[in-house]
1. Output the residues belonging to the stretch 136-154 that are part of a strand (DSSP E or B) and either polar (S, T, N, Q) or farther than 16 Å from residue 183 by Cα (or both).
2. Which ones in the stretch 50-67 are over 12 Å from the mean Cα position of the chain (by Cα), within 23 Å of residue 136 (Cα to Cα) and crowded, with 21+ Cβ neighbours inside 10 Å?
3. Kindly check whether there is at least one residue in the stretch 46-68 that is over 26 Å from residue 192 (Cβ atoms) and either acidic (Asp, Glu) or not in a loop (DSSP other than H, G, I, E, B) (or both).
4. Scan the stretch 69-83 for residues that are within 16 Å of the chain's Cα centre (by Cα) and not in a helix (DSSP H, G or I) and jot them down.
5. How about the stretch 134-188: which of its residues are β-branched (Val, Ile, Thr), surrounded by 14 or more Cβ atoms within 10 Å (Cβ to Cβ) and closer than 13 Å to residue 116 by Cβ?
6. Out of the stretch 180-210, which residues are among the acidic types (Asp, Glu) and not in a strand (DSSP E or B)?
7. With the checklist (1) modelled with pLDDT of 95 or more; (2) on the phi > 0 side of the Ramachandran plot in hand, flag the one item residue 101 doesn't pass.
8. Restricted to the stretch 84-115, and to residues that are among the hydroxyl-bearing types (Ser, Thr, Tyr) and either assigned to a loop (DSSP other than H, G, I, E, B) or over 18 Å from residue 134 (Cα atoms) (or both), which residue is farthest from the chain's Cα centre (by Cα)?
Amino acid sequence: MRSGLAGNKVRMPDFYQNNYAAYHEKTFLIDPAPWLGPLAADLEPGARVLDVGCGSGRDLVWLKKRGYMVTGFERSSGLAGLARENAGCEVIEGDFATFDFSGMAMDAVVMAGSLVHLSYAVFPIVFRNIVRALVNRPNPMSAPIALISLKGGEGIRRDSDGRTFYLWRDKALRKIFTGCGFSVLDFKCRPSALATADTWLGYLLGKRPG
């Protein structure tokens with residue numbers, strides 16, 4: 001679901017491998033249109049989209065049905081297998097903290113809830129690594145786009161499943177995105193689709209020229 005990070009190794013919890021079937025059942029039927037709609041509105045027909053932390057392929061299916069060329073990236077082998085079955089597309093298995101994305105050629109990158117377990121220190125490093133997939137995009141005249149969502153709030157929270165979540169303030173995220181050469185094209189703050197008390201911060205980012 002998830003260039004090395006010397007001295008700051010990122011470990012994904014085993015939750016997504018050990019509970020992949022239950023996670024699929026809990027999340028797959030959620031309608032992704034509220035956060036993927038703004039992305040689709042800015043993409044050229046047939047654009048190549050990389051979904052990092054694709055889970056069981058919900059967002060891949062939505063994007064593929066709209067004519068985009070999709071590729072998934074997932075650390076959990078169980079979820080990756082389900083994503084291949086559901087979306088019928090390539091799904092790369094790997095850790096996004098160590099994978100070299102520079103060899104990919106994508107028009108857009110989706111990171112919907114996939115970076116929520118990264119510490120504040122590691123997050124900017126991993127974000128920069130992932131968006132390297134946009135450098136060699138097929139259509140260099142089109143603006144590279146990134147879609148990302150993270151949990152809003154302050155501090156660190158551990159849930160009943162043993163997962164650690166890092167909560168973010170809008171101002172802090174915008175500073176990181178600006179430092180990476182992106183501007184915010186669209187922003188939404190919305191409650192969790194799972195009817196929890198969580199708040200999600202969603203950003204559609206465009207890469208500035210130069």
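The values are calculated or read from the model by the stated rules, or taken from the named source; none is laboratory data. Because the structure is predicted, anything quoted here is derived from the model rather than measured. Please note: Cβ atoms are built from the backbone with ideal geometry, for glycine as well, and neighbour counts cover all protein chains shown.
1. Scanning the stretch 136-154 gives 149, 150, 151, 152.
2. Listed by number, the list holds a single entry, 63.
3. The answer is yes; a qualifying residue exists.
4. Result: 70, 71, 72, 73, 74, 75, 76.
5. The answer is 148, and nothing else.
6. Result: 198, single match.
7. Exception for residue 101: condition (2).
8. Among them, the one singled out is 98.
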